[in-house]
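Engineer: Attaching a single structure in structure tokens format; questions to follow.
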Amino acid sequence: MKYFFMVVLAFLAYPTAISQNCDLTLRGTVIDMHDGTPLAGATVVLAGYDVAKITDFDGNFELTGLCTENYNLQISHPECTTRAFSVEISENTQSVFKLEHHLEELNEILIKGSTYYTKAETVLENRILLETLEGYSSASLGDALKTVSGVSSLNTGNTVVKPVINGLHSSRVTIINNGVRQQDQEWGAEHAPNIDLNTANSITVLKGAAALQYSGDAVGGVIVSEPAPITLRDSLYGKSILSGQTNGRGGAFTTTLTKSYENGWFARFQGTAKRYGDFEAPDYVLSNTGVSEQDFSVNVGLNKIQYGFDAYYSLFKNEIGILRASHLGGAEDQVVAINSEVPLVIQDFTYDIGTPRQDVTHQLAKLSGFYKWNELGTVRLSYDLQQNERFEFDVRRGDDDGKPSVDLELVTHNLELSLESDIGDAISLKTGVMGNFQENFANPSTGVRRLIPDYKQYKFAFYGIADYQVSEALNAEFGARFDHTYMDVFKFYRTSFWESRNYDVQFPELVIEDFGNQLLTNPELKFNNISATAGLSYEFGEDYVLFSNYSLASRAPNASELFSEGLHHSASRIELGDLRFNSEISQKIMVTAQKKGSRFSFAVNPYANFVQDFIVIEPTGVQQTIRGNFQVWEYRQTNARLLGVDLDASFRILEDLTYTHQFSIVKGWDTAQDQALINMPPASLNNGLQYVLPIKQRVRIGLESSYVFRQNEFPDNNFEVFLPETASFETVDVSTPPPAYHLMNLTAGTSFALGDVTKLDLNLKITNLFDTSYRDYLNRLRYYSDDLGRNLLVQLKINY
Amino acid sequence: MKNLKFIYSIIVLSFVFTSCSNDDDVPVPVNEEEIITTVIATLVAEGSTVTLTSRDLDGDGPDEADVTVSGDFQVGLTYVGSVQFLNETENPAEDITEEVEEEAEEHQVFFLLSAGLDGTINYGNNDGDGNPLGTQFSLLPNAAGNGNFAIILRHEPKKPNDGTLDDAGGETDVIVTFQVTFEE
């Protein structure tokens, strides 16, 4: 009844009446598309008229007094995606209407006012479920993402975890948080996404650039993090998770409280705090690896079927210690550090976070609203403002001690207008236009030359995506997007570098002031990027789906690739960008065969990604400085080819015993230089068993084996350095990947009902069960220390 | 509808407002505060002075350091030496030696003679804990020969240490090598 009331309210604005000369009847049944079960309590709205019906227990409804004409019906159900149907009435009619059952999508329907819940129709969406996310409540977004096959991570220690999709990361992966494209200086390899995992109710990974409504430059893929749905009833509900763990001797607390009203208004508060001291490898303390994080978000809004708005604010603040032993002088120090079995600095455990460390604050404010016009579709307008502030503190001398070495502030404004509409029954169309302004400010008071220059960036984009339901089983999708980027940059170049690159001959007009050893230049760069996608999905019978998709992505170079010029302390190397870069263009073909089913299911996903003008950073020589020798890494453009396959399978052996399997491999090749690409994730194999103990209190037990192969394809970037102590040349081995490793994890969990709505979950998780010493190829600190040892995590979750 | 208009106007206003607030001021240059561009070791014995200089004004830029040695050392003479670290990207040049001496407990200068050189080096000054610092030192060439004389400044080494770089650890702030000759 409440839905009826709500819908009637929403339609009061439409003053129309049903003609009195008509007496035809439509009898309908609403069923679940997946299993055909009748849907009771679904709301059927006769669009354009002041009429709405609720289905009975058998999913039936009846509309009387209809005329001989075409009617549009909108059918919604609290647990389903809302859909529109067109019905031609010429006599008394009986019809069946199918809805797709998706409880977790409620929020999408209401907030976005959308009849579409999928991000891309012809790419398999890899969804991480809430239960998994909650298991990672005390960890980071990157850790949770690794549960998806084909997703690995580029780490700096164990706390800076950057997602890698099918071998690609940083600017090549678009992250959508709460409908907003995350702008958090994602270009840096040691910059983790500034998102509190606990704000997400569901995370979807798209391993390609098909979701053009978000971005056209997702050469690697798209990660979409979405908040929990809001129920449309008078209710106050929430959840809290308290975790404590032995490794790091700390824990996390997160809580969410939601107040909702039947009339559509809602408010939500969410907060998280995390605190860890030094983490430990099996044999020693990883000194200065503590973490301190505090986040919160507030959300208020109004949800009606026809219109709604939403205001959201979130603050993310964390302080992360970086392994002390990783802070080095030049290559001479690197030789000693790499050759040493243990980190060169090991101190007693402490909660203090010293130097080096990162201190990052990310704020997001967002306002959005939608309105549904029956003829036109859903129009949505949103504005968001993001401010990202990053400090990096190094080990420094004298007055500079305690002063940050990096102090960057990135502010991004984004305004977006989109329209989702149906053309007839079969075609749905998404179109949109957006404007974006971004300003980077590098504070000069650090006393260290700017790593990223001051710039202003203006972006303008528009897109269109059509989804054509050719038949019940076959779905086709086409889309295109255009992005224009204009960058107005103020960059100080060292005069010696400017001349050594021949820029003084090529770009003399860019220099606006000469400071002797430095030149102030004002490059103004423009990039036009076209991206497109086309794909098909086909359902064979009940259980099988075949997805095939081609996507063309085009990415403008980022500020780091264009303007890096100098020593990057945290990497102990000199990094040089190139002002002359153009956009990289990727063409990715992917096919996915999926079998759904409760007993046996699988998905196999081979892909090929060809990237023209791929921007890669690689060593080109050694630079002598007074601090010693540093390896010089220069960005250059080449052509790359990435081939790989991801495999997921699950088999229910017995009623209570399930086996799961994942395998991923990717091969990255630089086709211009005919050598392997650096930092490609090695093949990995995951096997798991989940069992529910046959006792009265249901206890879930899980055992997981995770095997990571050695990366055998890598470029040889080793170099030689002269050591005055021994008066000899020594090889600095920065290339050789570490050996393969195998880790075992154990989980156990049970639930207790504490009253009608209150539920308590107790979970236990032991990772690296056998305290194995290992190093991971994609951990930037692998030269200096082992990875984490055994950890025992206890988690209490209460839903109320 | 009323709500929507309100929201829309707020959005447009905020965008316009923030977009207009940018002023077109030109950024100021950053002169590296900590960088050591220049190492000068001055060694004096009975009126003769040998000066070893390594100067790299563009820091970690592409230009190589300019290294000069003013003369040869005499065997049997004890040279009293001092090491000076300068940041010459600033004007006037900043004397980093003062900072190193203020934070003597966190620093140590190391001297190395390569295989072709036979000489004795002693520390000339200590930190507050009585451990060697090395901005003052002495050099006594014992026999004729030529080879490399290296001066290394380490930040946060283990102190006390056994005098070798391996034992001391810490980070290299300066490592410069001079080709010198000891003559009879």
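Engineer: Starting with the fewest neighbours, write out A:Val30, A:Val224 ranked by other beta-carbon atoms found within 10 Å of each beta-carbon. Please list the in-between numbers first.
Structural biologist: Numbers: A:Val30 27, A:Val224 21.
If I rank by nearby Cβ atoms, fewest first, I get A:Val224, A:Val30.
Engineer: To the nearest 0.05, how large is the calculated FRET efficiency for A:Thr772 and A:Gln387 if R₀ is 41 Å and r is the Cβ-Cβ distance?
Structural biologist: Working: r = 41 Å, r/R0 = 1.01.
Step by step, r from the Cβ atoms, then E = 0.50.
Engineer: Can I ask one more? Can you work out the Karplus-derived ³J(HN,Hα) for every residue in segment A:212-218? Use 6.51 cos²θ - 1.76 cosθ + 1.60 with θ = phi - 60°, whole Hz, and x for glycine or proline.
Structural biologist: Once rounded to whole Hz, the list reads 5, 5, 8, 6, x, 10, 7.
Engineer: Points 7 angstrom from Cα along the Cβ direction at A:Phe600 and A:Thr758: gap in nanometres?
Structural biologist: For the pair A:Phe600/A:Thr758, the computed spacing is 4.6 nm.
Engineer: Still on this structure, please answer the following. When Rg is the radius of gyration of the Cα atoms in segment A:519-627 and Rh is its Kirkwood radius, what does Rg/Rh come to? The partial results should precede the final answer.
Structural biologist: Values: Rg = 21.7 Å, Rh = 18.0 Å.
Checking Rg against Rh, the ratio lands at 1.21.
Engineer: If the cut-off is 20 Å between C-alpha atoms, which lysines fall inside it for A:Lys696, apart from same-chain ones fewer than 8 positions away?
Structural biologist: A:Lys759
Engineer: What whole number of Å gives the distance from the Cα centroid of segment A:454-504 to the Cα centroid of segment A:614-668?
Structural biologist: Taking the Cα centre of segment A:454-504 as reference, the centre of segment A:614-668 is 24 Å away.
Engineer: Could I ask something else about it? Hey, which of these cross-link pairs are over 24 Å Cα-Cα: A:Lys162/A:Lys207; A:Lys146/A:Lys207; A:Lys274/B:Lys158; A:Lys162/A:Lys456?
Structural biologist: On the way: A:Lys162/A:Lys207 15 Å; A:Lys146/A:Lys207 13 Å; A:Lys274/B:Lys158 33 Å; A:Lys162/A:Lys456 26 Å.
A:Lys274/B:Lys158; A:Lys162/A:Lys456, as the Cα separations exceed 24 Å there.
Engineer: Using a cut-off of 9 Å between beta-carbons, work out the net charge of the residues near A:Gly277 (Lys and Arg +1, Asp and Glu -1, A:Gly277 not included). Numbers along the way, then the final one.
Structural biologist: Details: positive: A:Arg249, A:Arg275; negative: A:Asp278, A:Asp352.
With Lys, Arg at +1 and Asp, Glu at -1, the net is 0.
Engineer: Something else: What are the ³J(HN,Hα) couplings of segment A:234-241, residue after residue, when phi is run through the Karplus curve with 6.51, -1.76, 1.60 and θ = phi - 60°? Round to Hz, x for glycine and proline.
Structural biologist: My calculation for segment A:234-241 gives 6, 7, 10, 9, x, 7, 9, 10 Hz in order.
Engineer: Taking θ = phi - 60°, what integer Hz values does the Karplus form 6.51 cos²θ - 1.76 cosθ + 1.60 yield along segment A:315-329, in sequence order, with x for Gly and Pro?
Structural biologist: So the J values, rounded to whole Hz, are 10, 10, 9, 9, 10, 10, x, 10, 2, 4, 5, 8, 8, 10, x.
Engineer: Among A:Tyr261, A:Tyr777, what is the fewest-to-most ranking by other Cβ atoms within 10 Å? Don't skip to the end; give the middle numbers.
Structural biologist: Numbers: A:Tyr261 15, A:Tyr777 21.
Starting with the residue having the fewest Cβ neighbours, the order is A:Tyr261, A:Tyr777.
Engineer: Follow-up question, since we're still on this one. Quick check: pseudo-label points 7 Å beyond the Cα along Cα→Cβ at B:Asn91 and A:Ser735, how many nm apart are they?
Structural biologist: If labels sit at B:Asn91 and A:Ser735, their model points lie 4.5 nm apart.
Engineer: Averaged over its residues, how many other protein chain Cβ atoms are within 10 Å of peptide B:50-63's Cβ atoms? Spell out each step's value before the answer.
Structural biologist: Numbers: counts 0, 0, 0, 0, 1, 1, 4, 5, 8, 9, 17, 17, 13, 10.
Other-chain Cβ atoms within 10 Å of each residue's Cβ, averaged: 6.
Engineer: Could you list the GluC sites (Glu not before Pro) in segment A:277-365 that lie in coil according to DSSP, counting only those with at most 16 other Cβ atoms within 10 Å of their Cβ? Provide the component values of the computation, followed by the final result.
Structural biologist: Working: sites: A:Glu280, A:Glu293, A:Glu319, A:Glu332, A:Glu341; in loops: A:Glu341.
Sparse-neighbourhood loop GluC sites (Glu not before Pro): A:Glu341.
Engineer: Show that you can apply the helix-only estimate: for chain A, add -39,500 (n - 2.57) for every DSSP H stretch of four or more residues, divide by all residues, and state [θ] at 222 nm to the nearest 500. It would help to have the intermediate numbers written out before the result.
Structural biologist: Details: 8 runs with 51 residues, N = 800.
Taken over chain A, the calculation gives -1500 deg cm²/dmol.
Engineer: Can you give the extra length, in nm with one decimal, that the chain gains between A:Gln363 and A:Asn339 once fully stretched, where that is 0.36 nm per residue apart less the Cα-Cα distance?
Structural biologist: Working: separation 24, 0.36 × 24 = 8.64 nm, distance 4.18 nm.
In short, 4.5 nm is gained.
Engineer: Which of the cysteines in chain A are isolated, no other cysteine C-beta under 4.7 Å?
Structural biologist: A:Cys80
Engineer: Also: Compute the FRET efficiency between A:Arg698 and A:Val96 as 1/(1 + (r/R0)^6), taking r as their Cβ-Cβ distance and R0 = 25 Å, and round to the nearest 0.05. Please report the intermediate quantities before stating the final value.
Structural biologist: Values: r = 37 Å, r/R0 = 1.50.
It comes out at approximately 0.10.
Engineer: Now, a different point. Hey, what D do you get for segment B:34-183 in µm²/s if you plug the Kirkwood alpha-carbon radius into Stokes-Einstein at 25 °C and 0.890 mPa s? Spell out each step's value before the answer.
Structural biologist: Values: Rh = 15.7 Å.
Estimated diffusion coefficient is 156 µm²/s.
Engineer: Compute for segment A:225-799: radius of gyration divided by Kirkwood radius, i.e. Rg/Rh, restricted to C-alpha atoms, rounded to two decimals. Could the numbers behind the result be given before it?
Structural biologist: Working: Rg = 26.9 Å, Rh = 27.8 Å.
Value, to two decimals: 0.97.
Engineer: Separate question: Alpha carbon centre of segment A:124-198 versus segment A:715-779: separation in Å?
Structural biologist: Result: 17 Å between the Cα centres.
Engineer: Next up: Please report the net charge: other residues with Cβ closer than 9 Å to the Cβ of A:Leu510, K and R +1, D and E -1. Don't skip to the answer; put the middle values down first.
Structural biologist: On the way: positive: A:Lys491; negative: A:Glu509, A:Glu524.
Here the count lands on -1.
Engineer: Return the whole-Å distance between the Cα centroid of segment B:108-153 and the Cα centroid of segment A:369-442.
Structural biologist: That distance is 58 Å.
Engineer: Okay, moving on. Using alpha carbons only, how many degrees (0 to 90, rounded to 10) separate the axis of helix B:2-20 from the longest principal axis of chain B?
Structural biologist: 40 degrees
Engineer: Hey, another quick one. How far apart, in nm, are the 7 Å Cα→Cβ label points at B:Asn131 and A:Thr64?
Structural biologist: So the two model labels end up 9.6 nm from each other.
Engineer: Less than 11 Å Cβ to Cβ from A:Leu546, Lys/Arg counted +1 and Asp/Glu -1: what total charge do the surrounding residues give? Show your work: numbers first, answer last.
Structural biologist: Details: positive: A:Lys595; negative: A:Glu539.
Cβ neighbours under 11 Å give a net charge of 0.
Engineer: As an exercise, identify the chymotrypsin sites (Phe, Trp or Tyr not before Pro) in segment B:32-88 lying in DSSP coil whose Cβ has no more than 14 other Cβ atoms within 10 Å. Mind dumping the intermediate values first?
Structural biologist: Numbers: sites: B:Phe73, B:Tyr79, B:Phe85; in loops: none.
Taking segment B:32-88 and a limit of 14 other Cβ atoms within 10 Å, no loop chymotrypsin sites (Phe, Trp or Tyr not before Pro) are found.
Engineer: What does the convex hull of the Cα atoms come to per residue for the protein assembly as shown, in Å³?
Structural biologist: Details: hull volume 164.4 nm³, N = 984.
Per residue, the Cα convex hull of the protein assembly as shown comes to 167 Å³.
Engineer: Continuing with the same structure: Can you sort A:Trp498, A:Trp187 by how many other beta carbons sit within 10 Å, fewest first?
Structural biologist: A:Trp187, A:Trp498
Only the coordinates and a few stated rules stand behind these numbers; no lab work does. Computed from a predicted model, the values in this text were never measured in an experiment. Heads up, the Cβs are rebuilt from the backbone with ideal geometry, glycines too, and the neighbour counts pull from every protein chain shown.
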